[in-house]
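So the structure is just underneath, and the comments pick up after that.
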């Protein structure tokens with residue numbers, strides 16, 4: 001079995017060598033060499049003419065589309081990086097707010113429970129009270145504003161006090177008049 005594999009390897013090597021020699025001889029031939037260089041030049045000119053025609057028709061060329069594709073990939077990668085950063089910030093904020101929210105939620109739940117108990121107690125107390133209100137004691141009644149005043153004896157008004165006049169000193173008055181006259 002090693003003979004057929006060895007034979008195949010030898011044939012493959014000899015075929016590759018023959019093709020290599022043929023290609024080398026063709027490239028060294030000046031006629032083939034000039035034909036290849038002219039073909040590449042013609043291809044280059046055809047590409048330029050195609051780009052000019054597409055540009056005149058306002059149609060993007062393959063190179064334009066390739067540049068646009070590269071730019072789009074670059075923007076896409078940047079956007080993914082920004083999204084990852086926003087996700088990390090969001091997770092961090094959730095971690096920071098989680099303890100505060102859970103404590104507040106627990107307190108709200110406890111307060112709601114207490115309010116529910118108070119409501120049931122008040123409803124029990126309200127149903128146990130009589131439906132008619134108890135009359136107020138006479139001392140706590142209020143008088144109405146528009147009601148006539150009750151007939152009572154008018155009280156005697158106290159006598160007005162007399163105001164005492166300050167004692168006038170006759171000696172001070174003429175002295176004050178003299179000073180005023182002298183200054184005028």
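The label point for residue 98 and the one for residue 21, both projected 7 Å from the Cα toward the Cβ, are 7.6 nm apart.
Each label was represented as a point 7 Å from its Cα along the Cα-to-Cβ direction; for residue 38 and residue 90 these points are 6.5 nm apart.
Considering only Cα atoms, the convex hull volume of segment 80-123 works out to 53 Å³ per residue. If you plug the beta carbon distance of residue 7 and residue 53 into 1/(1 + (r/R0)^6) with R0 = 45 Å, you get a FRET efficiency near 0.20.
Taken along the Cα-to-beta-carbon direction at a fixed 7 Å, the label points for residue 114 and residue 14 span 10.3 nm.
In plain terms, the C-alpha convex hull of segment 15-110 casts an average shadow of 15.6 nm² when viewed from every direction. Computed as a quarter of the hull surface, the mean projected area of the alpha carbon convex hull for segment 9-59 stands at 5.4 nm².
Every number here is computed from the coordinates shown, using simple stated rules; none is lab data. These numbers come from a predicted model, not from an experiment. Please note: Cβ atoms are built from the backbone with ideal geometry, for glycine as well, and neighbour counts cover all protein chains shown.
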